[in-house]
1. Relative to the longest principal axis of the chain, what angle (0 to 90°, nearest 10) does the C-alpha long axis of helix 388-402 take?
2. Per the Kirkwood treatment, what hydrodynamic radius in Å, one decimal, follows for the chain from the mean inverse distance over all distinct Cα pairs?
3. Restricting attention to segment 86-188, which GluC sites (Glu not before Pro) occupy a DSSP loop and are surrounded by at most 13 other Cβ atoms within 10 Å?
4. How many lysine pairs does the chain hold where the Cα atoms are under 22 Å apart and the two sit 8 or more places apart or on different chains?
5. Using alpha carbons only, how many degrees (0 to 90, rounded to 10) separate the axis of helix 76-86 from the longest principal axis of the chain?
6. Hey, what do the phi angles of segment 277-289 turn into as Karplus ³J(HN,Hα) couplings, whole Hz, using 6.51/-1.76/1.60 and θ = phi - 60°, x for Gly and Pro?
7. Assign unit charges at the C-beta atoms only (+1 for Lys and Arg, -1 for Asp and Glu), then state the dipole size of segment 157-296 relative to its Cα centre in Debye, rounded to the nearest 20.
8. Placing unit charges on C-beta atoms (Lys and Arg positive, Asp and Glu negative, everything else neutral), compute the dipole magnitude of segment 7-114 about its Cα centre in debye, rounded to 20.
Amino acid sequence: MDFGFDARTEELREKLLAFMDEHVYPAEAVADEQRAALDSPWRTPPVVAELKAAARERGLWNLFLPDAEHGAGLTNLQYAPLAEITGRSPQLAPTATNCAAPDTGNMEVLAQFGSAEQRERWLKPLLAGEIRSAFAMTEPEVASSDATNIETRIRREGDEYVITGRKWYISGAMNPDCAVFIVMGKTDPDGDDIRRQQSMVLVPRDTPGVEVRRAMTVYGYEDHWHGGHAEVLFHDVRVPAANLIGEEGGGFAIAQARLGPGRIHHCMRLIGMAERAIELMCRRANTRTAFGRPLAAQGVVQQWIADARVSVEQLRLLVLKTAWLMDTVGNRGAHTEIQAIKIAVPREVVGILDRAVQLHGAGGVSQDFPLAELWAGARTLQLADGPDEVHQRSLARRELKRFAPAQA
Ligand SMILES: Cc1cc2nc3c(=O)[nH]c(=O)nc-3n(C[C@H](O)[C@H](O)[C@H](O)COP(=O)(O)OP(=O)(O)OC[C@H]3O[C@@H](n4cnc5c(N)ncnc54)[C@H](O)[C@@H]3O)c2cc1C
């Protein structure tokens, strides 16, 4: 078993680490300052365009997309350590390299299921980083962790689809650069097969009847680095029938396909966040003195740091194994491991960030350190892309089935 990175990954890691030091970390404070002067906190600060140009010039662009025709053509195993590095600055690095959710998942959907016309109109500008996009599935009125509950209606009328529904926590939608929504709804609400009732359609933001009603906060944060999270209403919105993605009834399957890679990307970025937390903990502990000795000399602080290192090493190995399985046996074959990382990584990283906050005292909950906001972001990943309990239920059922008594 070889635990080393291959030559291409190593080369990209070195380039990305240099890009982070030279461009991304110095831009963090600049972005905050620029944002304060903008008319909307969700608008992209101008420094991001400079970061994008620098990333593109260095070949650090669309690294997430395995399809070599449209993206960098990396395997999951090659991309995972790169996503980890961008996770150290989640507010800037994923966007700077055009590897930010939810655009990544949406680009994958368009590359895999979009028509030639849809790819030309939407995938091209997304790949070029000229527009942003959103994915609209969750609804306030129904338990949306069960996608079969979705109530938004997508009715066929002649050459058009008419969309009526209410969505919330639609990431990226507060950013005016978000030009298009992929909307999931029901085209056949009474169909016998509950997994064939849903479809997905592309809805340009400027279509009459689309109302971006308000921003949803995350523990009070506006989450501007994601372009916010919006409540969006679709009031009898009409789009051409050609805006259907794939086939009618195919929405559930596309949603499943979209989530596999997205989950591994989130987990790798979380590991990057944990690495940043460990670094901040060590720097703080080495330089702050209480009761006559540095915090670093306290046994409890040493235990937090050691436990964090042990956790991160375990999590990284599990995520890399999952990436390797996805590359070798496919997303379906890696089902158990994808669920395992989605359960284990956010939970552990929330714990690490929580102890990093504690070590920083009041500074930990303040705006002067990134820890509080990182904690809030990591905590939401115990809900987004499927709550922990849903993954635990499904994983446990598969385990139980393996040892079920034979039927008579
Ligand atoms: C920051 C953030 C960003 C998001 N971005 C998007 C986005 O861009 N697009 C989008 O469409 N959605 C987005 N979401 C929504 C997210 O995907 C949903 O919140 C998630 O799927 C859960 O759905 P729900 O909120 O309706 O919870 P519900 O389905 O109401 O579930 C509530 C709770 O019930 C419990 N539960 C549910 N099912 C089970 C079960 N089978 N066994 C045991 N317990 C169970 C769990 O504890 C769960 O947390 C985002 C959410 C957040 C917080």
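Here, each number is a calculation from the coordinates, and none is a lab measurement. Nothing here was measured: the structure is a model prediction, and the numbers come from that model. Note that each Cβ is placed from the backbone with ideal geometry, even for glycine, and that neighbours are counted across all protein chains shown.
1. Rounded to the nearest ten degrees, it is 80.
2. Numbers: mean 1/r = 0.0449 Å⁻¹.
So the Kirkwood estimate lands at 22.3 Å.
3. Working: sites: E108, E117, E120, E130, E141, E151, E157, E160; in loops: E130, E141, E151.
In loop regions of segment 86-188 (DSSP not H, G, I, E or B), the sparsely surrounded GluC sites (Glu not before Pro) are E130, E141.
4. Values: K15/K52; K52/K124; K167/K186; K321/K342; K342/K401.
Close lysine pairs under the 22 Å cut-off: 5.
5. 60
6. Couplings: 5, 5, 4, 5, 4, 5, 4, 5, 5, 6, 10, 10, 10 Hz.
7. Working: 17 positive and 18 negative charges, 270 e Å.
The dipole of segment 157-296 has a size of about 1300 debye.
8. Details: 9 positive and 16 negative charges, 14 e Å.
Here segment 7-114 has a charge dipole of around 60 debye.
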